[in-house]
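Q: Quick one: the structure is below, questions incoming.
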Amino acid sequence: MATFLERLAARQHLAAALLSTWLILTSPWISMLRRIPRNASVLEYSHVVLGLLALLLATTYTLSCTRRGRWRLYFPWAAGEFAATWKDARGLLHGWIPAAEGGGLFALIEGLLLVLFLLTAATGAAWFWTQDSSDAVLWRGCHVLVARGLAGLIVLHVVSVSLHLLDFVRD
């Protein structure tokens, strides 16, 4: 059962990466404010459908990543464990690549990425459910803000993974 759940989490990770990348890269062509426009394009409809799918994926992937106490890996600060994060941050100043495990800086980035993936999907869904109301503009603004944070953390995540691959190749 554990092997199945690990394979499932790996597939969810790939799906989250592909889905997020598509939604972020196509977002400049999305022109929805209060509601889906009457003359909406296939791209706009696909953004809504894939965004709602992202909410389901973000929820299940977060649960997969945090089950059986593994939440401590992604949210060490929530367990009051700051030492590894501070150690990694100080090490970066000395040119050291932080460890992939151990609840350090990279785990903090991954945990925040999970939260922002979930928040981006949830605020997009909130916009969808409140469209044509005055709340829709508020939810859209929140959605755009957290989506930009998500995009930034995706870049940080890719950089951190690349650093680990580089470190692995050098060894």
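Computed from the coordinates by the stated procedures, all read-outs in this text should not be read as laboratory data. Nothing here was measured: the structure is a model prediction, and the numbers come from that model. Cβ placement follows ideal geometry from the backbone for every residue including glycine, while neighbour counts extend to all protein chains displayed.
Q: Can you give the FRET efficiency for His157 and Leu5, using 1/(1 + (r/R0)^6), R0 = 25 Å, r = Cβ-Cβ distance, to the nearest 0.05?
A: Working: r = 22 Å, r/R0 = 0.87.
Efficiency, rounded to the nearest 0.05: 0.70.
Q: Between 0 and 90 degrees, rounded to the nearest ten: what's the tilt of helix 2-26 against the longest Cα principal axis of the chain?
A: That works out to roughly 50 degrees.
Q: In addition: Give, as a single signed number, the net charge of other residues whose beta carbon lies under 15 Å from the beta carbon of Gly124, with Lys and Arg counted +1 and Asp and Glu -1.
A: Values: positive: Arg34, Arg35, Arg140, Arg148; negative: Glu44, Asp135.
Net charge in that neighbourhood comes out at +2.
Q: Taking 8 Å as the Cα distance limit and 6 or more residues as the minimum spacing, I'd like the relative contact order of the range 1-90 as a percentage.
A: Values: 33 pairs, mean separation 25.8, N = 90.
Averaging sequence separation for qualifying contacts and normalising by length gives 29 percent for the range 1-90.
Q: Between helix 83-93 and the chain, what is the angle of the helix's C-alpha long axis to the longest principal axis, kept within 0 to 90° and rounded to the nearest 10?
A: 90 degrees
Q: Compute the angle between helix 42-66 and the longest alpha-carbon principal axis of the chain, please, reported from 0 to 90 degrees and rounded to the nearest 10.
A: The helix 42-66 is inclined about 30 degrees to the chain.
Q: Nearest 0.05, what FRET efficiency do Leu18 and His164 give at R0 = 25 Å with Cβ-Cβ as r? Walk me through the numbers before you get to the answer.
A: Details: r = 21 Å, r/R0 = 0.83.
With a Förster radius of 25 Å, E is 0.75.
Q: Ok, one more. Can you work out the Karplus-derived ³J(HN,Hα) for every residue in the range 152-164? Use 6.51 cos²θ - 1.76 cosθ + 1.60 with θ = phi - 60°, whole Hz, and x for glycine or proline.
A: x, 6, 5, 4, 4, 5, 5, 4, 5, 5, 4, 4, 5
Q: Relative contact order for the range 55-171 using alpha-carbon pairs under 8 Å, separation at least 6, rounded to a whole percent?
A: Values: 112 pairs, mean separation 27.5, N = 117.
Across the range 55-171, relative contact order equals 24 percent.
Q: Could you tell me how far the Cα centroid of the range 1-57 sits from the Cα centroid of the range 59-127, in Å?
A: That distance is 21 Å.
Q: First measure r as the distance between the Cβ atoms of Thr66 and Ser46, then evaluate 1/(1 + (r/R0)^6) with R0 = 30 Å and state the FRET efficiency to the nearest 0.05.
A: Working: r = 29 Å, r/R0 = 0.97.
FRET efficiency, Thr66 to Ser46: 0.55.
Q: Between Trp86 and Leu138, what length in nm is gained on full extension when 0.36 nm per residue of separation is reduced by their alpha carbon distance?
A: Working: separation 52, 0.36 × 52 = 18.72 nm, distance 3.57 nm.
Stretched out fully, the Trp86 to Leu138 stretch lengthens by 15.1 nm.
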